[in-house]
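> What follows is a single structure, and I will ask about it in a moment.
The values are calculated or read from the model by the stated rules, or taken from the named source; none is laboratory data. Remember, predicted model here, so these are calculated numbers, not experimental data. Please note: Cβ atoms are built from the backbone with ideal geometry, for glycine as well, and neighbour counts cover all protein chains shown. With ligands, DNA and RNA removed, areas are computed over all heavy atoms of the protein, side chains included. Shrake-Rupley method; radii C 1.70, N 1.55, O 1.52, S 1.80 Å.
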Amino acid sequence: MFSSKILGTGSYLPEKILTNADIVQKVETTEEWIFDRTGIKTRHVAADDQNTTDLAKIAAERAIEAANIDKSKIDCVLFATVSPDQVMPSAACMLQAKLGLQRCAALDLSAACTGFVYALSVADQFIKTGMYQNILVVGAEVLTRYVNYDDRDTCILFGDGAGAFVLSRNEDETSNAKIYSAHLYADGYLGDLFELPGGGSAHPVSVPMIQEGLHYMRMKGREVFKNAVRSMNDCCKEALEVNNMSEPDVQWLIPHQANIRIIDAVAKNFGINKEKVIINIQRTGNTSAGTIPIAFDEAVREGKIKRGDKILLAAFGAGITSGSMLLEY
Ligand code: COA
């Protein structure tokens with residue numbers, strides 16, 4: 001069986017920035033409330049002419065450059081998103097075309113904010129079996145197009161962004177890089193805690209559907225919060241137990257960036273020093289499937305994450321989905 005190595009990472013955040021002061025102009029809230037309750041100060045917002053695959057294209061080009069491989073060698077594109085440019089064709093197919101990749105496999109994966117961890121795990125399985133050798137794994141969203149800027153519970157949280165990895169068969173005899181394990185879960189019965197009902201077959205696009213506001217995300221924030229802490233704690237514990245490791249064995253925890261208080265609760269439960277937790281939520285907000293690859297790429301480029309480091313990823317999202325992954329970079 002082969003093992004996977006992250007050959008290169010890339011990310012992209014659009015230029016336009018939405019500050020807490022901007023949000024105060026839209027809904028009844030304060031800059032302090034938003035920062036205290038979420039840890040977020042700013043979020044990036046895609047320009048009107050930028051769609052999810054445009055953000056992904058830049059992140060993917062940066063990942064391919066960092067991986068130092070010819071893009072003709074990419075044999076699969078796996079795209080985690082819940083905000084594709086169109087219902088069809090898939091974001092993965094659109095990205096393949098935009099990057100000028102050769103004929104290869106291309107598919108989207110929908111697991112909301114856990115999407116990138118799911119996608120990385122699927123890519124790892126393809127590599128382990130020998131089916132593919134170089135997979136472009138992307139997590140990208142333009143979720144701000146689904147935000148109701150009259151709803152103070154949700155409009156404070158979300159931003160746009162993209163991250164990408166080139167995950168490849170590890171052929172480097174000097175490297176132990178691999179994905180140790182992934183633990184992926186869903187609690188579908190909790191689906192109504194965080195949803196975007198409009199635009200699907202249950203509520204096709206229509207004037208009444210839009211009048212009801214079903215084309216916006218809606219969320220039971222407090223319930224999502226509780227489930228997030230519980231599910232991320234469980235997944236992190238399982239990742240360490242299965243691999244016979246404990247906190248000192250792990251150099252970095254990269255949690256989904258949804259709320260600093262969720263991150264703090266998970267870090268505390270895990271007993272991990274906050275210095276070992278990668279956090280960028282203050283600048284980015286919640287970019288859903290984008291948060292983990294963006295935070296990962298920024299930490300690589302800042303020189304924090306180094307080859308040989310063991311890294312624990314932990315995520316949760318609409319579904320309710322959750323998952324963890326333990327890997328060596
Ligand atoms: N500004 C000021 N007050 C606000 C507010 C805002 N933007 N949003 C909510 N409030 C109010 C509520 O109306 C409530 O008032 P009440 O006590 O008079 O009813 C009060 O603040 C407390 O609301 P609550 O929902 O308990 O706040 P909270 O501490 O749970 O914070 C969230 C709200 C949304 C920030 C928090 O629940 C959260 O982050 N949840 C997880 C969401 C998430 O991660 N979603 C993505 C999943 S991937």
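Table: residues versus (1) without any contact (Cβ under 8 Å) to a residue 60 or more places away in the chain; (2) buried (at least 23 other Cβ atoms within 10 Å of the Cβ); (3) not assigned by TED's automatic domain parsing to the domain that holds Val224.
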site: Tyr149; (1), (2), (3): no, no, yes
site: Tyr185; (1), (2), (3): no, no, no
site: Leu190; (1), (2), (3): no, no, no
site: Ser201; (1), (2), (3): yes, no, no
site: Met209; (1), (2), (3): yes, no, no
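> Checking the condition over 25 Å from Ser322 (Cα atoms), among the polar types (S, T, N, Q) and either at pLDDT 95 or above or in the same structural domain as Ile294 (by TED's automatic domain parsing) (or both), which residue from Thr52, Thr30 passes?
Exactly one of Thr52, Thr30 is over 25 Å from Ser322 (Cα atoms), among the polar types (S, T, N, Q) and either at pLDDT 95 or above or in the same structural domain as Ile294 (by TED's automatic domain parsing) (or both), namely Thr30.
> Okay, next question. So Ile210 ticks every box in (1) within 16 Å of the ligand (Cβ to nearest atom); (2) within 20 Å of Asp192 (Cα to Cα); (3) over 19 Å from the mean Cα position of the chain (by Cα) but one. Which box is left unticked?
(1)
> Going residue by residue through the stretch 312-320, is there one that turns out to be of a type outside the set (Phe, Trp, Tyr), open to solvent by 10 Å² or more (accessible area, probe 1.4 Å) and under 16 Å from Leu7 (Cα atoms)?
no
> Of all helices (runs of 4 or more DSSP H) completely enclosed by the stretch 200-317, which ones contain at least 3 residues that are under 22 Å from Val82 (Cβ atoms) and out of contact with any strand residue (DSSP E or B) (no Cβ under 8 Å at 6 or more places or on another chain)?
Answer list for the stretch 200-317: 221-242.
> Another question, if that's okay. Could you tell me whether the stretch 34-43 includes any residue that is in a strand (DSSP E or B) and within 30 Å of Gly303 (Cα to Cα)?
yes
> For the stretch 235-278, what are the residues that are within 16 Å of the ligand (Cβ to nearest atom) and in contact (Cβ under 8 Å) with a residue 60 or more places away in the chain?
Matches in the stretch 235-278: Cys235, Ile254, Pro255, His256, Ala258, Asn259, Ile260, Arg261, Ile263.
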